[in-house]
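To start, the structure itself, in structure tokens.
The values are calculated or read from the model by the stated rules, or taken from the named source; none is laboratory data. Model, not experiment: these values are computed from the prediction. Heads up, the Cβs are rebuilt from the backbone with ideal geometry, glycines too, and the neighbour counts pull from every protein chain shown.
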Amino acid sequence: MGKNIVEKILEKHIVDGKLEKGTEIGIKIDQTLTQDATGTMAYLQFETLGFSEVKTELSVSYIDHNTVQVGFENFDDHKYLTSVAKKYGIILSRAGNGICHQVHLERFARPGKTLVGSDSHTPTAGGVGSFAMGAGGLDVAVAMGGGPFYITCPKVIKVELKGKLTKWVSAKDVILKVLEILTTKGNVGCVLEYGGEGIKTLSVPERATITNMGAETGVTTSIFPSDEVTKEFLKAQDREDQWVELKADPDAEYDKIIEINLSELEPLAACPHSPGNIKTVSEIEGIKVDQVSIGSCTNSSYRDLMTAAEVLKGKVAHFGLEFGVAPGSKQVLEMIAENGALKNLIVSGARILESACGFCIGNSFAPGTDSVSLRTSNRNFEGRSGTKSAQVYLVSPETAAAAVITGKITDPRKLEKEYGIPYPDVKLPEKFIIDDSSFIFPLPEEERGKIEILRGPNIKPAPKNDPLSSTIKGEVLLKVGDKITTDHIIPAGSRMKYRSNVPKYAEFVFEIVDNTFPQRALGNKEKGTNNIVVGGLSYGQGSSREHAALCPMYLGVKAVLAMSIERIHHANLVNFGILPLVFKSEGDYTAVEQGDSLEMPKITEEIKAGKEITVRNLTKNKEFKVKYELSERQIEIILAGGLLPYTAGNR
């Protein structure tokens, strides 16, 4: 029996376990990436674990999130990251060099290599055939130190692409179609592998858009073959020597096959407030638009910005609309500056934003009250844009540019006929501008020992949890519904400057859900009462930010009971010693109310015996059972109080 691409990569990297679907496996990691919002804590944990150098083939620290620098905190964190990179042999990408996923795709991602990053959109590198996964910073720290990265051996879903995209339909519409089919839940433990004749018609930047936003389905990662298209892209990046062919065997087997005919797709949009709320653009045409943002790690490549610039050439943004463009990298910015496309955008009225994550995470260019914002980014969770009342739609660069001209949601296919705008059939250059001057490469080993780590007053030690007690008794401090994201649990935006200061950042846990939560949690913690959170389906979807587990741990949260928990957040809860438990029925979930007193009297005994956990609702005098999905290794981590004490105790 032949092998698919996922099996071929995993069999070369597995170091613990067997390739049996549904079981836990540990894989060797070739590359890591961090960004400054998650990286500061990851490197604090790296230091806490006592590692003296990175053991990967390549590790890169990107400064691309907290670049607005309101206050001293972000600048201090960047100084810390710079000194850590110099000391431990990490490549540093300086602020202004671009968004981690776009830059990594351009300069470092390699076919057949494993990559783990402290950002949920790390699967972008799947566009060149990397097996790339998002994770919490602590998992990345362990991988940098040479430890395995653990995942559930995945089911593989093949997405068979046929045909060719028609004019004004793009890669963003492909992944929105995938989201329409798979939705944002129920795909944990799966990998999307793309194949079919249609892939030959998609460039690497287009493939990367698809793998990037595959994260919104909840899969472990997404991957394309490495073929002649990949080779041409790497050659244009002066990296042709890093190309290897990577393809599935003709008789490879898959757990499921989805067929999409590219020729039949039309422009799509993800409507508020979920990437899975898909409608055709023609269905929602005519809605007045207040803001358009082009950029983010999903759609900020040379191809994307050239497309927008060609559409807007000679046009001026609608008078009632605010328009911003964030190039994905310095390379992209240099390219469009050199060929005149940047001028087209500026003349059209675009505000040229930093080559950073910016508007996507809500720390700049926030929309107005009750306004409609069209964005080419990947998430439109309520409040993520920085404005809770805003209505955010996720669209392609073509659809975004159409709205810039018309001031309303417009099917871009009308531009040619009604506005005389020719379709911008953008081709990738044979040679990209190569300028690596904004990287700081590792020092010789003999010089690293002299480097002093710079720590500003906002940088606090990484907190540790205590070992799991034999009994958990506590209050349901908060009960929430379905699709609670990590943005709900711990905000992004301007609050992110406190990510290296957990006591301060913890003040904002569940801020947009219940701003009394932190104070009530600390009150219980001081009284010796455990805190418990109850959630619905797909609890913890979205960003990989480990602070959504780390900060609740600091506030005394000992268990999360939910109908289902998303992969990365589940791993993060385990990493910080919070029990991730799953209700056996919706009736059990419905019966528990906020304020109830729950007791798990035999928690360690039942976990060690592999039994379901007994939960007593002392308030209602009822008893029920909950499940857990923990490997033997994860059980040991939970009993130890989290991955930090577990790893320290096993070194």
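Annotations for the structure displayed:
- Unmet criterion (only one of (1) among the acidic types (Asp, Glu); (2) surrounded by fewer than 18 Cβ atoms within 10 Å (Cβ to Cβ); (3) not in a helix (DSSP H, G or I)) for GLU446: (3)
- Some residue of region 102-112 being among the polar types (S, T, N, Q), within 24 Å of GLY456 (Cα to Cα) and out of contact with any Asp or Glu (no Cβ under 8 Å at 6 or more places or on another chain): no
- Selection status of PHE75, surrounded by fewer than 21 Cβ atoms within 10 Å (Cβ to Cβ), in a loop (DSSP other than H, G, I, E, B) and not aliphatic (A, V, I, L, M): no
- Given (1) surrounded by fewer than 23 Cβ atoms within 10 Å (Cβ to Cβ); (2) assigned to a helix (DSSP H, G or I); (3) not aliphatic (A, V, I, L, M), index of the condition GLY368 fails: (2)
- Filtered residues of region 334-365 (kept if in a helix (DSSP H, G or I), at pLDDT 95 or above and in contact with a Phe, Trp or Tyr (Cβ under 6 Å, 6 or more places away or on another chain)): MET335
- Here GLU546 fulfils each of the conditions (1) over 24 Å from the mean Cα position of the chain (by Cα); (2) of a type in the set (Asp, Glu); (3) at pLDDT below 95 apart from (1).
- Search result, residues across region 234-274 that are over 20 Å from PRO205 (Cβ atoms) and of a type in the set (S, T, N, Q): ASN261, SER263, SER274
- Only one entry of LEU33, LEU19, LEU10, LEU44 meets the criterion of being part of a loop (DSSP other than H, G, I, E, B) and either touching a residue at least 40 places away in the same chain (Cβ under 8 Å) or outside the structural domain of LEU192 (by TED's automatic domain parsing) (or both), and that entry is LEU19.
- If you filter region 554-601 down to residues that are among the polar types (S, T, N, Q) and outside any loop (DSSP other than H, G, I, E, B), you find that the one that is farthest from VAL509 (Cα to Cα) is THR590.
- Of all the residues in region 302-325, those that are of a type in the set (Gly, Ala, Ser), more than 19 Å from GLU206 (Cβ to Cβ) and buried (at least 17 other Cβ atoms within 10 Å of the Cβ) number 2.
- Residue that is farthest from SER538 (Cα to Cα), among those in region 187-201 that are out of contact with any strand residue (DSSP E or B) (no Cβ under 7 Å at 6 or more places or on another chain) and in contact (Cβ under 8 Å) with a residue 60 or more places away in the chain: THR201
- The lone exception for GLU623 - which of (1) in contact with a helix residue (DSSP H, G or I) (Cβ under 8 Å, 6 or more places away or on another chain); (2) farther than 29 Å from GLY136 by Cα it fails: (1)
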